[in-house]
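The values are calculated or read from the model by the stated rules, or taken from the named source; none is laboratory data. For clarity, every value in this text was computed on a predicted model and none was experimentally measured. Here the Cβ positions follow ideal geometry from the backbone for every residue, glycine too, while neighbour counts run over all protein chains shown. SASA here: full protein model, heavy atoms, side chains in, ligands and nucleic acids out. Shrake-Rupley method; radii C 1.70, N 1.55, O 1.52, S 1.80 Å.
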Amino acid sequence: SLHRDSEMERHRDGGLGILVNDRWTSEKRTADTLSGGETFLASLALALGLAEAVQQQAGAIALDTIFIDEGFGSLDMETVDLATDALLKLRGKGRLLGVISHVETMRQQIPSRLEVTKTTTGSRVAFNLGD
C-alpha cells in the first residue's frame, strides 16, 4: 500500500512524498526502492486514484477512457498477468481502456484490440473485436 508522507514533501523541491508499506518486511520504504513491476503497479494505482478524485471533485464528470502506454516489456510474467487482470477488471466497470504494448502475452489475454503493423509501404491497421 502507498502512503503520503508530508514530512518528506517538506524536504523536497516538489512532488508527492510517497512511502510504500512493504508487506514482506512490514516496513515502510521510499518509492524509489520499487522494482520495475512494482513501479508500474503503483503508477497504475495512482492514475486510477487520481481519475476517481477528479470525478468526485468535478461534479461527477466521467473519466471513462484510460490509455496505458507500454511499460509491460520490463515486467516479469507474474506481474504482466497481475497488471492484465487489473486492466481487464476496469473494462468491466464501463471504462474504455486502451493499452499500447508490444508484449505477446498482453495480445493473447486482451480479446478486443486494434493492431498496428509496420510495413514497407506504411502502417497497416487491423481490428480484432474478440469475443
What's the longest bit of the chain with no exposed trypsin sites (Lys or Arg not before Pro), using DSSP loop states and at most 13 other Cβ atoms within 10 Å as the test? 24-92
Pull up all non-local amide H partners of L97: gap of 5 or more, or a different chain, and H-to-H distance under 5 Å with H placed in the peptide plane. I66
Extended-chain gain in nm, criterion 0.36 nm per residue less alpha-carbon gap, A47 and A126: 25.6 nm
With mean projected area of the Cα convex hull in nm² as the read-out, I listed [x] 11.3; [y] 9.6; [z] 8.0; which label goes with the value calculated from this structure? [x]
Could you state the accessible area per residue of segment 42-131 in Å², with a 1.4 Å probe and every protein chain left in place? 70
Helix 36-57 axis, angle to the chain major axis (alpha carbon atoms, nearest 10°): 80
Can you pull the percent of the chain's accessible area that's carbon plus sulfur, 1.4 Å probe, other chains left in place? 54
Order D76, D13, D32, D5 by their accessible area, 1.4 angstrom probe, all chains in place, largest first. D13, D32, D76, D5
Sort D22, D64 by accessible area with a 1.4 Å probe, largest first. D64, D22
On full extension of the chain, what length is gained from E7 through Q109, given 0.36 nm per residue of separation minus the C-alpha to C-alpha distance? 32.5 nm
Given an 8 Å cut-off on Cα distances and at least 6 residues of separation, report the relative contact order of the chain as a percent. 14
Segment 47-121, relative contact order in percent, only Cα pairs under 8 angstrom and at least six apart counted: 33
Give the angle, between 0 and 90 degrees and rounded to the nearest 10, that separates the Cα long axis of helix 77-91 from the longest principal axis of the Cα atoms of the chain. 80
